[in-house]
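Here's the structure we're looking at; comments come further down.
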Amino acid sequence: MISGACHEPLRIGPPDLFLPGLVVGCLPYDGLRMSTLECFFSSSCISTILTYLEYYTQIDGSPPINFVPPTVLPITISPLDNSTPSRFSKNTSIGILLDEYFLEEWTVTSSYEDYFAACAPTHCNFEYVTRNNLLYVATSVLGLYGGLMIGLRFITWNAIRLYRLMKTRICSHRATAQS
């Protein structure tokens, strides 16, 4: 959160000229978040900003010695319209506006029919993600155990039969070879 001790009103031009709602903070981001748009609702405040845009043009940042405010402003900017209805007041901080994404109203409408009509997908994949409960895990482990037992019995039984068959044939070949 921004420290309240680390801000002061924004000064522009002569030392006694403050702009309403604009704040200088410890960091530019802090000053921006603490500032309001109050100045931008006033044409005189905007004119003041435009008048003193070139006030700090010295390389060292010091105020100019012979500054003469321009008689014609470099650009024309219209103030914000205070009569436009908004849920935010003109004194709402820019930080709050940023947190609210500058949105007045958020309306969510979901229509899968309209989506599929607009996108016209050629195929649709559906994925159903769930966490396994204890019963599912237990039955899966028992099923795996049972399957392994049957498979190992089959392999072991056939391996023993094959071994005996081969032993019998080898012994019978030896017996016929010796006689």
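The values are calculated or read from the model by the stated rules, or taken from the named source; none is laboratory data. Note that the coordinates shown come from a computational prediction; the quantities given were computed from them, not determined experimentally. Glycine also receives a Cβ, built like all others from the backbone with ideal geometry; neighbour counts cover every protein chain displayed.
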Taking the condition surrounded by fewer than 10 Cβ atoms within 10 Å (Cβ to Cβ), within 33 Å of the chain's Cα centre (by Cα) and within 30 Å of Phe41 (Cβ to Cβ), does Arg87 pass? yes
Out of segment 1-26, which residues are part of a loop (DSSP other than H, G, I, E, B) and at pLDDT 90 or above? none
Filter result for Ile75 (modelled with pLDDT under 80 and part of a loop (DSSP other than H, G, I, E, B)): no
Residue list for segment 142-179, restricted to those being over 60 Å from the mean Cα position of the chain (by Cα) and of a type in the set (Gly, Ala, Ser): Ala159, Ser172, Ala175, Ala177, Ser179
Considering only residues that are among the β-branched types (Val, Ile, Thr) and over 25 Å from Leu50 (Cβ atoms), which ones fall in segment 79-125? Ile96, Thr107, Val108, Thr109, Thr122
Of (1) modelled with pLDDT of 90 or more; (2) more than 29 Å from the chain's Cα centre (by Cα); (3) surrounded by fewer than 17 Cβ atoms within 10 Å (Cβ to Cβ), Leu32 fails just (2)
Take the residues in segment 5-24 that are within 30 Å of the chain's Cα centre (by Cα) and surrounded by fewer than 18 Cβ atoms within 10 Å (Cβ to Cβ), then tell me which one is nearest to Pro64 (Cα to Cα). Val24
Could you tell me whether Pro28 is in the same structural domain as Asn66 (by TED's automatic domain parsing) and either of a type in the set (Gly, Ala, Ser) or closer than 19 Å to Ser93 by Cβ (or both)? yes
Note down all Cβ pairs under 9 Å where the first residue falls in segment 103-115 and is closer than 30 Å to Ser86 by Cα, the second is among the aromatic types (Phe, Trp, Tyr) and surrounded by 10 or more Cβ atoms within 10 Å (Cβ to Cβ), and they're at least six residues apart or on different chains. Glu104/Phe88
Just a yes or no: is a residue in segment 31-39 farther than 26 Å from Phe67 by Cα, in a loop (DSSP other than H, G, I, E, B) and either in contact (Cβ under 8 Å) with a residue 60 or more places away in the chain or assigned by TED's automatic domain parsing to the domain that holds Ser93 (or both)? yes
Selection count where residues are farther than 30 Å from Ser35 by Cα and either among the basic types (Lys, Arg) or assigned to a loop (DSSP other than H, G, I, E, B) (or both), scope segment 93-139: 18
List pairs: first in segment 72-96 and closer than 16 Å to Leu22 by Cβ, second of a type in the set (Val, Ile, Thr), Cβ under 8 Å, 6+ apart or cross-chain? Ile77/Ile46; Pro79/Ile46; Lys90/Thr36; Asn91/Thr36; Thr92/Thr36; Ser93/Thr36; Ile94/Thr36; Gly95/Ile2
